[in-house]
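Structure record follows, encoded as structure tokens.
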Amino acid sequence: MSDILRRGRLSSTPDEDILNFTSSMSADKWIFEADVLVDLAHTVMLKEQGIIREQDCSKILQGLLKIKEEGIESLDYSYEDIHISLESRLIDMVGEDVGGRMHSGRSRNDEVATCIRIRLRDEMLSLMEELTGLRNVLIDRASGNVDTLMPGFTHLQHAQPTTFAHHLLAHADALSRDSGRVKDAFSRINKSPLGAAAFASTGFNLNRERTCSLLGFESLMENSMDAVSSRDFLIETASVLANIMINLSKMAEEIVIWSSTEFSFIELDDMYASTSSIMPQKKNPDTAELMRGKSGVATGSLMSLLTICKGLPLSYNRDLQEATPNIWRSVETTRSAVRIMKGMIETMKVNGDAMYRQSTTGFTTATELADTMVRLADIPFRTAHQIVGVLARGDGNPSLEDIDAVASDVIGEKLSSRGLTADMITEALDPVLNIKKRSIPGGPSPDEISGAIEKRKAELEAEMSGISDLNRSIETSLEELFSVVDKSINY
Ligand code: ARG
């Protein structure tokens, strides 16, 4: 048997069916490049620690760079994972007496955990950038719609007038918390398990701090058992991703509703629409529907991860291999959903007239009318609520006479005799003035919203520079790794 892993202890090979069942090769495409980095850093460190000879180190590094260049396609897929396939390819290239020394003081257990963390941190950094992109677009479109009136909803029933800007900023704020959660998760992802070996560390004098820093990690996953066995960082990330997708699914649902003829609040760009194979007139918001649907992928991945990790004894168990693809599925779906949502929001046409027309239907100014009675006729809110509730059985546009008639029934007194005038009622029923009055923090008044927009723009700038810092710090470490690699090769 030529299989470098099985030839010792095992005497038969898995057939194709068994191999398909046990192999992680297809999902390992996600970590091929990370695996090369891990091999390079480990090899350099082995040489620095005097564990392998300089000339062997040089040959291994050259082999690894060649493998990196050839890409994953050149690897043998009949191995059970990328790590062993890559090592086998290296041994083919440089011989076992050299290549067979690379795995000293290491296990695939610390190797795979390190690879997953390297790839995932990159994905998270890209996601952070994409999220700021989407938030930026929401804030941008909010700035253009500070005065665009629309009905706000509770229970999907017309509730009170608000503005489209207020509505868009609500989504932007939810996504800002998502960004914060991605960053938090990143801080627990970016830790190095390398050097933990199988789980009990190793008797070789490894320099864990060195590989940690060459690979751009923030610090060590210290306890070697914890380092190889914990996948809480995957569960945490999947949960963060699921939350993002839930938020996006809510936006997607609104896009679907708003695109309907009944609402006609927005029209998606044709790019994001599909048509019917039988009904030639149809323009369907398929992209938004799919986004709603794809949120199921993220929730499903989280559930899978939780279930796979539950009840596993320390330390490494092969079940963990089954956990990993879930995070790739989820991160891929979520990242593309964030990008697509950005495009949909950026390009959609807003029908301000339809929104305005709907902003007062359904007596959306009823609350302000009741509040006006409280403020200007000095009656308790609960009483005003009853009076306006009775008036709401009518056409939603009550006159002072209508109000006086109902008030006489309810409290035995006209509100006009308590100071309420027709002008006050006109003002209360005006949706624009409704909005203007809602000027306490977080309200939809144009002044308040303009301030909120400025504040969020500044926050986004600060976040974007924080993301560049994180990217730069990883890049600097990897540049250092490649420069050490270069210096360790005797051409
Ligand atoms: N493919 C494996 C995984 O994803 C790598 C680690 C294998 N370790 C082992 N002891 N069989 O988890």
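The values are calculated or read from the model by the stated rules, or taken from the named source; none is laboratory data. Note that the coordinates shown come from a computational prediction; the quantities given were computed from them, not determined experimentally. We place every Cβ from the backbone using ideal geometry, glycine too, and count neighbours over all the protein chains shown.
Select, from Ser274, Ser201, Ser224, the only residue that is of a type in the set (S, T, N, Q) and surrounded by 20 or more Cβ atoms within 10 Å (Cβ to Cβ).
Values: Ser274 fails: surrounded by 20 or more Cβ atoms within 10 Å (Cβ to Cβ); Ser201 fails: surrounded by 20 or more Cβ atoms within 10 Å (Cβ to Cβ).
Result of the check over Ser274, Ser201, Ser224: Ser224.
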Lone qualifier among Gly293, Gly343 - being over 30 Å from Asp110 (Cβ atoms), in a helix (DSSP H, G or I), free of Cβ contacts under 8 Å to residues at least 40 places away in the same chain and under 19 Å from the mean Cα position of the chain (by Cα): Gly293
Only listed residue being out of contact with any helix residue (DSSP H, G or I) (no Cβ under 6 Å at 6 or more places or on another chain), surrounded by 13 or more Cβ atoms within 10 Å (Cβ to Cβ), not in a loop (DSSP other than H, G, I, E, B) and not β-branched (Val, Ile, Thr), chosen from Glu368, Glu427, Glu401, Glu459: Glu459
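Test Tyr356 against the criterion of being closer than 28 Å to Ile116 by Cα and hydroxyl-bearing (Ser, Thr, Tyr), and give yes or no.
Numbers: closer than 28 Å to Ile116 by Cα: no; hydroxyl-bearing (Ser, Thr, Tyr): yes.
For Tyr356, the condition - closer than 28 Å to Ile116 by Cα and hydroxyl-bearing (Ser, Thr, Tyr) - is not met.
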Subset of segment 27-57 [without any contact (Cβ under 8 Å) to a residue 60 or more places away in the chain and within 16 Å of the ligand (Cβ to nearest atom)]: Asp28, Lys29, Phe32, Val36
Single residue of segment 77-96 satisfying the filter (modelled with pLDDT of 95 or more and more than 27 Å from Ala200 (Cβ to Cβ)) that is farthest from the ligand (Cβ to nearest atom): Gly95
Residue within segment 473-488 that is of a type in the set (A, V, I, L, M, F, W, C), loosely packed, with under 12 Cβ neighbours inside 10 Å and closer than 30 Å to Ala172 by Cα present: no
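May I ask you to say which residue of Arg117, Arg121 is assigned to a helix (DSSP H, G or I) and away from the ligand (no atom under 16 Å from the Cβ)? Please lay out each step first, then the result.
On the way: Arg117 fails: away from the ligand (no atom under 16 Å from the Cβ).
Every option except Arg121 fails the conditions.
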Filter result for the condition that a residue is surrounded by fewer than 21 Cβ atoms within 10 Å (Cβ to Cβ) and assigned to a helix (DSSP H, G or I), over Leu19, Leu5, Leu46, Leu10: Leu19
Segment 92-114, residues that are more than 19 Å from Gly63 (Cα to Cα), touching a Ser or Thr at 6+ places or on another chain (Cβ under 8 Å) and part of a loop (DSSP other than H, G, I, E, B): Gly105
Any hit, segment 161-179, residues being under 12 Å from Phe233 (Cα atoms) and surrounded by fewer than 18 Cβ atoms within 10 Å (Cβ to Cβ): no
Criterion (touching a His at 6+ places or on another chain (Cβ under 9 Å), without any contact (Cβ under 8 Å) to a residue 40 or more places away in the chain, away from the ligand (no atom under 16 Å from the Cβ) and within 27 Å of Ser330 (Cα to Cα)) met by exactly one of Glu254, Glu218: Glu254
Looking only at segment 287-319, and only at residues there that are hydrophobic (A, V, I, L, M, F, W, C) and surrounded by fewer than 22 Cβ atoms within 10 Å (Cβ to Cβ), the one that is farthest from the ligand (Cβ to nearest atom): Leu290
Ile116 being more than 30 Å from Ser473 (Cβ to Cβ) and not charged (D, E, K, R): no
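Just wondering, is there one or more residues in segment 50-61 that are modelled with pLDDT of 95 or more, surrounded by fewer than 16 Cβ atoms within 10 Å (Cβ to Cβ) and under 34 Å from the mean Cα position of the chain (by Cα)?
For segment 50-61, residues modelled with pLDDT of 95 or more, surrounded by fewer than 16 Cβ atoms within 10 Å (Cβ to Cβ) and under 34 Å from the mean Cα position of the chain (by Cα): absent.
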Candidates Gly442, Gly396, Gly466, Gly451, filtered to the one that is in a loop (DSSP other than H, G, I, E, B) and either free of Cβ contacts under 8 Å to residues at least 12 places away in the same chain or under 30 Å from Asp184 (Cβ atoms) (or both): Gly442
Residue satisfying all of: in segment 176-207; more than 31 Å from the chain's Cα centre (by Cα) and away from the ligand (no atom under 16 Å from the Cβ); nearest to Thr132 (Cα to Cα) among these: Asn207
Residue check, Gly71 away from the ligand (no atom under 14 Å from the Cβ) and in contact with a Phe, Trp or Tyr (Cβ under 9 Å, 6 or more places away or on another chain): yes
Segment 445-491, residues that are over 30 Å from Ile118 (Cα atoms), of a type in the set (Asp, Glu) and under 26 Å from the mean Cα position of the chain (by Cα): Glu454
Among residues of segment 224-251, those that are within 28 Å of Leu268 (Cβ to Cβ) and either basic (Lys, Arg) or under 13 Å from the mean Cα position of the chain (by Cα) (or both), counted: 11
